[in-house]
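The values are calculated or read from the model by the stated rules, or taken from the named source; none is laboratory data. Keep in mind it's a predicted model, so treat the numbers as computed, not measured. Methodologically, a virtual Cβ is constructed for each residue, glycine included, from the backbone with ideal geometry; neighbour enumeration extends over all protein chains shown. Only protein heavy atoms, including side chains, enter the accessible area calculation; ligands, DNA and RNA are left aside. Shrake-Rupley method; radii C 1.70, N 1.55, O 1.52, S 1.80 Å.
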Amino acid sequence: MKVLVVDDEAPARRRLVRMLERIADVEVVGEADDGPSALRQIAALRPDVVLLDIHMPELDGMELAETTAELPALVFVTAHPDYAVRAFAVAAHDYLLKPVQQARLEQALERVAARARPAGPAAPVRISARAGDSVRLFDPRSITRFHASDKYTVFRVGPEEHVLDDSLSNLEERLAGLDFLRVHRSELVNLREARALHQRDGAAVLELSDGQRAPVSRRAIAELKRRLGLRDGEP
């Protein structure tokens, strides 16, 4: 990790450089004592992270951070705690208060490194239901409907019903990236399996591919129609 240290006080820069030299795989590629020289060195040296003071002549650290979005990772190092909210508003990776402790500096750089690592493939969502001494796993896309029954959540695959301990609200969060919609406080349905929407006397019911029917609340009907591609005037 290449680091640029920016602080208008030479003793503060030297202290940070000494601390950085104790950290494996970290290289101090340069120092700057004001904002304009920091911008020049960022362009020339391409550091991975800038340790940036706030109060500096000509162009302070906060102004530097707001000049462009094309900056390396920023870690503010300052004696002033009252700029923290503004610092994170400009996407700072961390905010260190002087005198900086070695462990806290290492933690900040690890945070920068963690953000830079490519994310691994997301684990597929699986629905698990206990059956005696076994746990059965289901692809949620094969499930047409979850509904609340007493304190449990129930779903059906083929002729068999299965019971979950998960609430519908938890399931709704877990399945947010799939085509599920909460159409009633006790109903979460797979919109890919919708086959018909029945409306009569102010009540609405969604018919699913396996013949199950889910009641639709008045609050949910507009969003359901939108997701199904139905116009407002259509039943």
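Hey, can you find the accessible area per residue of region 100-235 for me, probe 1.4 Å, expressed in square angstrom? Provide the component values of the computation, followed by the final result.
On the way: 8860 Å² over 136 residues.
About 65 Å² of surface per residue is accessible.
If R₀ is 22 angstrom, what is the calculated FRET efficiency for the pair ASP133 and SER167, using the beta carbon separation as r and rounding to 0.05?
Values: r = 25 Å, r/R0 = 1.11.
The value I calculate is 0.35.
In summary, the lysines within cross-link reach of LYS2, defined as a Cα separation below 28 angstrom excluding same-chain residues under 8 places away, comprise LYS98. Of all the options ASP34, ASP150, ASP166, the one that moves most in a Gaussian network model of the chain with Cα springs shorter than 10 angstrom is ASP150.
In the chain, a dipole from Cβ-located charges (positive for Lys and Arg, negative for Asp and Glu) runs towards its positive end, and of LEU171, TYR83, SER209 it is SER209 whose Cα lies farthest in that direction. When the charge dipole of region 1-129 is built from unit charges on Cβ atoms (+1 for Lys and Arg, -1 for Asp and Glu) and taken about the Cα centre, the candidate among PRO47, VAL6, LEU59 whose Cα reaches farthest toward its positive end is PRO47.
The alpha carbon centroids of region 6-85 and region 131-170 are separated by 53 Å.
Roughly speaking, what is the stretch gain from ASP179 to ARG219, that is 0.36 nm per residue apart minus the C-alpha to C-alpha distance, in nm to one decimal? Can you show the working numbers first?
On the way: separation 40, 0.36 × 40 = 14.40 nm, distance 1.86 nm.
Fully extending the segment from ASP179 to ARG219 adds 12.5 nm.
Quickly rank 73-79, 56-62, 132-138 as a protection proxy: mean count of other C-beta atoms within 10 Å, highest first. Walk me through the numbers before you get to the answer.
Values: 73-79: 21.9, 56-62: 17.9, 132-138: 9.3.
Going from most to least packed, we get 73-79, 56-62, 132-138.
Note on region 173-234: Cα-only Rg and Dmax are 11.0, 34 Å. Taking Kirkwood radius over Cα pairs in Å as calculated from this structure, the corresponding entry among (1) 18.4; (2) 22.3; (3) 20.2 is (2). If the reach is capped at under 13 angstrom between alpha carbons, list the aspartates and glutamates near LYS225, excluding any in the same chain fewer than eight residues apart. Counting by Cα, and skipping residues close in sequence, LYS225 has these aspartates and glutamates nearby: GLU234. Using a Gaussian network model of the chain with C-alpha springs under 10 Å, which one of GLU160, GLU172, GLU63 is most mobile by mean-square fluctuation? Checking each option, the largest mean-square fluctuation is seen for GLU160. Here the Karplus curve 6.51 cos²θ - 1.76 cosθ + 1.60, taken at θ = phi - 60°, turns the phi angles of region 173-188 into couplings of 5, 5, 9, 4, x, 10, 8, 9, 9, 7, 9, 6, 4, 10, 9, 10 Hz, with x standing for Gly and Pro.
Mind running the shape call on region 1-52? Use the C-alpha gyration tensor, a ≥ b ≥ c as the square roots of the eigenvalues: rounded below 1.5 for a/c, prolate if a/b tops b/c, oblate otherwise.
On the way: a/c = 2.85, a/b = 1.17, b/c = 2.42.
It comes out oblate by the Cα gyration axes.
Selection among VAL154, VAL112, LEU191 by position relative to the dipole of region 111-207 gives VAL112 as farthest towards the positive end (Cβ unit charges, Cα centre).
Assign unit charges at the C-beta atoms only (+1 for Lys and Arg, -1 for Asp and Glu), then state the dipole size of region 46-115 relative to its Cα centre in Debye, rounded to the nearest 20.
Numbers: 6 positive and 11 negative charges, 53 e Å.
In debye, rounded to 20, region 46-115 gives about 260.
When +1 charges are put on Lys and Arg Cβ atoms and -1 charges on Asp and Glu Cβ atoms, the dipole computed for region 51-192 relative to its Cα centre reaches about 680 debye. Report note on the peptides 23-30, 190-197: ranked by the mean count of other C-beta atoms within 10 Å, highest first, their order is 190-197, 23-30. Subtracting the Cα-Cα distance of VAL85 and LEU45 from their residue separation scaled by 0.36 nm leaves 11.5 nm. Radius of gyration (Cα atoms) of region 1-120, expressed as a multiple of 2.2 N^0.38 Å: 0.96.
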